[in-house]
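Since the structure comes first, as structure tokens, the remarks are kept for the end.
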Amino acid sequence: MVLLRSLLAAGAATASPAISTRQIFVAQWRSSARREYFANSWILAARERNIVAQRFTEAYKKRGQQVAETLKCSLRRNFDICRKGRRGEKVSHRVQCQSTFASSKELSISFPVSVDEATTVDSNLEALLKQLEIDGPSAVKLAVEELELEKETETVELSLLLCDDGYMQKLNKEWLGKDSPTDVLSFPQDQAPGMTPILLLGDVIISLETAAKQAEERGHSLLDELRILLVHGLLHVIGFDHELGPDDSQEMEDKETQILSKLGWKGKGLISAVSNSVMEESNGSTTSGGRSLDGKIRRPPKAGFKILFCDMDGTLLNSKSRISDATRDALNAVLAKGVQVIIATGKTRHGAMAALDPVGLVGENGVISLKHPGVFTQGLQVYGRGGSVIHSAVLDPEVVQEALTYSLEKSIPSVGFSDNRIVTLFRHSLTDVLHTVYLEPKAEVIPSLRDLMESCPIQKLLFYSTPEDIKYKIRPYWAENVRGRATLVQALDDMLEILPPGQSKGAGVKLLLDNLGVHPEEIMAIGDGENDIEMLELAGWGVAMANGSKRTKEVADAQTSSNDEDGAAEAFHRYILS
């Protein structure tokens, strides 16, 4: 049994002359026997002005008897029937349908929302349910506006059920043979045409637990995720199916985006063609994709990629700053396929080579060498064809002096980067980590600020402290004090970097692409930190690590597992090698 949110105690025998606006048609939900759905008791859901209740009552009694006799089939058959026949297949049909709506009275939408009995309805869920009751009819109306409905149709109804993972898993196991939960399922209703003035589309079921997890992963609210899943499930109910082929998938993606955009809802739709394997025979799917900047759901180009740009810390390297055998093997396989691999990192070239050398990725046949192109030091040092320097940028000396003075006064460890050199005013255990853990050159201690300023041009500065101090003290202070004179970025939560204004890893990648004559759409990029955001935005296909920052995952086209779970190797196999 399910706990139904809206019940109107009105039976056919005591019905008033007209159906009220707030009446809700509720059918008892039986997960074990959907085929008996219409043999159960009815409480009508409709908004009707001119038709008396007796007409409705007789129609539904007749319909219930007919459907109970004819629907002796499984849900799988209902899926097939619906996906073959309910969608308007030609533009002329949809245009004709739109003109019919324009010349007739407005279509009424019924949208009952319910939750399963195992789910506790607290104040937060109650607020979500109320908002969904408002949102649902708008989504349904947009979704069906191009359907070629029977002219007798006056009301369209879609039911929404919210449940937990256990209930969803039970449905998946019973009807789809898969013993695990998914985010959304759709159960279209097989309905013979012209039977009643109400078209029952079917049911959309959403797991609140899975939706909450996905909302957190994608960096938006639970309401946003529920809206996205509702639209996805609704489109399946009316016959769209992204599993039938590329054209069908693109059509459904476009429709998702159109509905979400028209309603002003956040998100770009659920479908991400290759971000996760779809559940076989299921009308629900779980993806881990992000949102594209142009408002369209994007997919990797069919022609493949020419270049793969890889971040290092937090991406190719695990939390111990080492590259796994799986990631090494995947990179070698990418190279063997003819795709060029280019490192794009906040590290110096020296540090990058030191990290990749133990696994044999340094050299002419590897991914990095003194003759390889690459983007280093957050895009401040860019090497083009043959390893020649095509770009080098330095910080304003005044910013350098102010930052190092601040470091001395506050006793906050800091270092300056200059090509392959790292310099500091005092040694500290935290700055030593750059060498011992991140394999950067050992910091040279310069005796005075004046000597340091004169010893070499500083390309970037790095403060090293606790994540809390970086977030609440150091970053706010420097965000205010270098406004317009420098750029702040973070690759890791315990480091804050100060770069020249307008400089970034993404800008460095763009310079290198111009040098190589390659279009951004021909590249794939993978990263985890906020310093990777512009690079992922630029790339034809941007992938964020599961351990990445919230903002990075928001702009990525897809997500993969964490750096401690060989997420980079997983992405290479999924988007390049498969």
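List of remarks:
- Scope the range 324-358; condition closer than 22 Å to Q459 by Cα and of a type outside the set (K, R); matching residues: I342, I343, A344, T345, G346, T348, H350, G351, A352, M353, A354, A355
- Condition broken by L356, with the remaining ones in (1) assigned to a helix (DSSP H, G or I); (2) modelled with pLDDT under 95; (3) over 22 Å from P520 (Cβ atoms) satisfied: (2)
- Residue, modelled with the lowest pLDDT, within the range 145-155, restricted to residues that are in contact with a Pro (Cβ under 9 Å, 6 or more places away or on another chain) and either buried (at least 21 other Cβ atoms within 10 Å of the Cβ) or among the acidic types (D, E) (or both): E150
- A single member of V543, V509 is more than 29 Å from T431 (Cα to Cα) and modelled with pLDDT of 95 or more, and it is V543.
- Complete set of residues in the range 404-426 that are assigned to a strand (DSSP E or B), under 18 Å from V482 (Cα atoms) and among the aliphatic types (A, V, I, L, M): V415
A quick yes/no check of all residues on (1) over 24 Å from P358 (Cβ atoms); (2) touching a Ser or Thr at 6+ places or on another chain (Cβ under 6 Å); (3) not assigned by TED's automatic domain parsing to the domain that holds T466:
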site	(1), (2), (3)
S407	yes, yes, no
R421	no, no, no
E444	yes, no, no
D451	yes, no, no
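- Summed over the range 561-578, the residues that are polar (S, T, N, Q) and either touching a Pro at 6+ places or on another chain (Cβ under 7 Å) or under 18 Å from R218 (Cβ atoms) (or both) give a count of 2.
- Among residues of the range 506-522 that are more than 18 Å from V543 (Cα to Cα), those with a beta-carbon under 8 Å from a residue that is among the basic types (K, R) and outside any helix (DSSP H, G or I) at least six positions away or on a different chain give the pairs V518/K306.
- Residue within the range 523-540 that is free of Cβ contacts under 8 Å to residues at least 60 places away in the same chain, closer than 24 Å to F463 by Cα, assigned to a helix (DSSP H, G or I) and not acidic (D, E) present: yes
- Here S562 clears all of (1) within 30 Å of V400 (Cα to Cα); (2) without any contact (Cβ under 8 Å) to a residue 24 or more places away in the chain; (3) of a type in the set (S, T, Y) except the condition numbered (1).
- Any chance Y438 is within 22 Å of R349 (Cα to Cα), of a type in the set (F, W, Y), surrounded by 14 or more Cβ atoms within 10 Å (Cβ to Cβ) and at pLDDT below 90: yes
- Tabulated pairs, the range 210-227, first among the aliphatic types (A, V, I, L, M), second modelled with pLDDT under 85, C-beta under 6 angstrom, 6+ apart or interchain: L222/A215
- Residue check, K347 at pLDDT below 95, buried (at least 19 other Cβ atoms within 10 Å of the Cβ), among the basic types (K, R) and part of a loop (DSSP other than H, G, I, E, B): yes
- The range 563-578: number of residues that are at pLDDT 95 or above and not in a helix (DSSP H, G or I): 1
- Count of the range 427-482 residues which are free of Cβ contacts under 8 Å to residues at least 40 places away in the same chain, in a strand (DSSP E or B) and hydrophobic (A, V, I, L, M, F, W, C): 1
- Residue within the range 383-398 that is of a type in the set (K, R), modelled with pLDDT of 90 or more, touching a helix residue (DSSP H, G or I) at 6+ places or on another chain (Cβ under 6 Å) and more than 23 Å from I470 (Cβ to Cβ) present: no
The values are calculated or read from the model by the stated rules, or taken from the named source; none is laboratory data. It should be emphasised that the depicted structure is a prediction, and the values quoted were computed from it without experimental measurement. We place every Cβ from the backbone using ideal geometry, glycine too, and count neighbours over all the protein chains shown.
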